[in-house]
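Notes follow once the structure below has been shown.
The values are calculated or read from the model by the stated rules, or taken from the named source; none is laboratory data. Note that this is a predicted model, so its numbers are computed, not measured. Cβ sites come from the backbone with ideal geometry, for glycine too, and all protein chains shown count toward neighbours.
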Amino acid sequence: MTPAAPSFEFRCPTRLVSGGGSVEKLGEIAAELRCRRALVVSDPGVVAAGHAALGSESLRRAGLDVECFSGFSENPTTRHVESGAAVARAFRPDLIVGIGGGSSMDCAKGINFLHSLGGTMRDYHGRDRAKGPMLPSIAVPTTAGTGSETQSFALISDAETGMKMACGAAAAAFRVAILDPRLTLTQPAGVTALTGMDAISHAVESHVSLAATPGSRVFSREAWRLLCRNFPRVLADGADLEARAAVQLAAAWAGLAIENAMLGAAHALANPLTAGHGVAHGQAVGVVLPHVVRFNGRRAWDRYAELWADLSGEQEDADAADRIADWLTATLRSAGLATSLRGLGIERPDSEHLAKAAATQWTAGFNPRPVVTDDLLRLYEAAS
């Protein structure tokens, strides 16, 4: 008898428009959505690089009125989002466009929550807490890492506590994401390294997540294939546009995998490092991920074996988790990133405090091997 097909749901809310020069289609796409007033959300670095102006000009050529909000920084906070929502109330947009990295796209989603539905970001902490329609939105990522362009979640830091809140709703997902690899060429090498490691962590963690499905694994595995083959090429030659296009697409695929499968313990461990020690997210998740992979090895060996086969061509390797962990550590070094907390200047981390904070993170519940505070403590110690 043929086994019954597994039951699962798969969310795919975002239309992708990919290719060199595709940012020039932004105005045309906005006009297709019958929008007339666009609020462009871009951080100061993206504005300085000229990407916000490039997108705004495309919108204006299509007849839209444009206002730009850039009053935020990396890891946008609730206060940043509130400031952006005040600009939106004054401008009255019918479209929100996030041009930039994860910070710009997350801030754009946060502004959409408050402008469309009112309240505070704390009201939307969790999944599907939003009730009611939201403005259409378009993402134009200028980095290749977070995958925010294909997710319905905004990651917003509570300005009072520093805690990162994942605020998700189907209506918050971008209607369209424009993937123009040319926009990633202006990234500093350090940003390329951080965002690439972030994308790799998304592919690895979503592939072994307890919530993963046959649908989500199609995208986590393809993201991994693209990343393990092309991220080293980008590190070797930042002008390799073909490799950058592959990494950018991989980040979007990994974001779609997260949307359907969530993440795991590495992200639970990373967020307190960012909140408590100011460690950039890609570095924080990169430094703990090899240890989480080893920790999960026996429980998810078959899924890690799939990833190792894609990387090495070797099949059914019982040591696949260890081999992947070694590769991740080597990739961190190649990217010029630290491989330990000590390497980050954190000589004596308060591991107990960090572990308690990590245990409260939502993503810990999706780890393939259950984790409690003591496990998280030992993982921090292993990463020290």
Point to revise | Odd one out for residue 165 among (1) assigned by TED's automatic domain parsing to the domain that holds residue 72; (2) more than 25 Å from residue 88 (Cβ to Cβ) | key: (2)
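When the residues of the stretch 348-384 are narrowed to those that are outside any loop (DSSP other than H, G, I, E, B), among the polar types (S, T, N, Q) and touching a Ser or Thr at 6+ places or on another chain (Cβ under 9 Å), which ends up surrounded by the fewest Cβ atoms within 10 Å (Cβ to Cβ)?
Step one: of the stretch 348-384, the residues outside any loop (DSSP other than H, G, I, E, B) are 351-359, 362-366, 373-383.
With the extra rule that they be among the polar types (S, T, N, Q), the set shrinks to 351, 363, 373.
With the extra rule that they be touching a Ser or Thr at 6+ places or on another chain (Cβ under 9 Å), the set shrinks to 351, 363.
On the way: 351: 18, 363: 21.
Checked the stretch 348-384; the qualifying residue surrounded by the fewest Cβ atoms within 10 Å (Cβ to Cβ) is 351.
Going residue by residue through the stretch 87-98, is there one that turns out to be part of a loop (DSSP other than H, G, I, E, B), among the small types (Gly, Ala, Ser) and over 16 Å from the mean Cα position of the chain (by Cα)? Walk me through it before giving the result.
Within the stretch 87-98, the first condition is being part of a loop (DSSP other than H, G, I, E, B), and the residues that meet it are 92-94.
Adding the requirement that they be among the small types (Gly, Ala, Ser) leaves none.
Among the residues of the stretch 87-98, not one is part of a loop (DSSP other than H, G, I, E, B), among the small types (Gly, Ala, Ser) and over 16 Å from the mean Cα position of the chain (by Cα), which makes the answer no.
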Study note, to complete from the structure: Result of the Cβ filter at 7 Å on the stretch 152-165, keeping first residues that are surrounded by fewer than 16 Cβ atoms within 10 Å (Cβ to Cβ) and partners that are basic (Lys, Arg), at least 6 apart or interchain, is 159/79
Review point. For the stretch 257-327, list the helices (runs of 4 or more DSSP H) that sit wholly inside it and hold at least 2 residues that are surrounded by fewer than 24 Cβ atoms within 10 Å (Cβ to Cβ) and out of contact with any helix residue (DSSP H, G or I) (no Cβ under 7 Å at 6 or more places or on another chain); which are they?
Key: 265-277, 301-312
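Does residue 329 satisfy the criteria of being of a type in the set (Ser, Thr, Tyr), at pLDDT 95 or above and either more than 29 Å from residue 18 (Cα to Cα) or under 21 Å from the mean Cα position of the chain (by Cα) (or both)?
Numbers: of a type in the set (Ser, Thr, Tyr): yes; at pLDDT 95 or above: yes; either more than 29 Å from residue 18 (Cα to Cα) or under 21 Å from the mean Cα position of the chain (by Cα) (or both): yes.
When the stated conditions are applied, residue 329 passes them.
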Review point. Only one residue in 115, 125 is at pLDDT 95 or above and surrounded by fewer than 24 Cβ atoms within 10 Å (Cβ to Cβ), so which one is that?
Key: 115
Practice item. Go through the stretch 99-136 and give me each residue that's assigned to a strand (DSSP E or B) and touching a helix residue (DSSP H, G or I) at 6+ places or on another chain (Cβ under 6 Å). Key: 99, 100
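The rows are residues; the columns are (1) part of a loop (DSSP other than H, G, I, E, B); (2) under 26 Å from residue 74 (Cβ atoms).
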site: 200; (1), (2): no, yes
site: 212; (1), (2): yes, no
site: 215; (1), (2): no, no
site: 220; (1), (2): no, yes
site: 223; (1), (2): no, yes
site: 228; (1), (2): no, no
site: 239; (1), (2): yes, yes
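Would you check if residue 143 is outside any helix (DSSP H, G or I) and under 30 Å from residue 115 (Cα atoms)? Show your work before the answer.
On the way: outside any helix (DSSP H, G or I): yes; under 30 Å from residue 115 (Cα atoms): yes.
Yes; evaluated as a whole, the condition is true for this residue.
Output yes when any residue across the stretch 264-275 is more than 17 Å from residue 358 (Cβ to Cβ) and in the same structural domain as residue 193 (by TED's automatic domain parsing), and no when none is. Quick ask: steps written out before the conclusion?
We begin by selecting, within the stretch 264-275, every residue more than 17 Å from residue 358 (Cβ to Cβ); these are none.
The answer is no; no qualifying residue exists.
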Practice item. Would you be able to say whether some residue in the stretch 240-248 is without any contact (Cβ under 8 Å) to a residue 60 or more places away in the chain, of a type in the set (Lys, Arg) and more than 18 Å from residue 361 (Cα to Cα)? Key: no
Check your understanding: From the list 294, 298, which residue is over 17 Å from the mean Cα position of the chain (by Cα), under 18 Å from residue 327 (Cβ atoms) and basic (Lys, Arg)?
Key -> 294
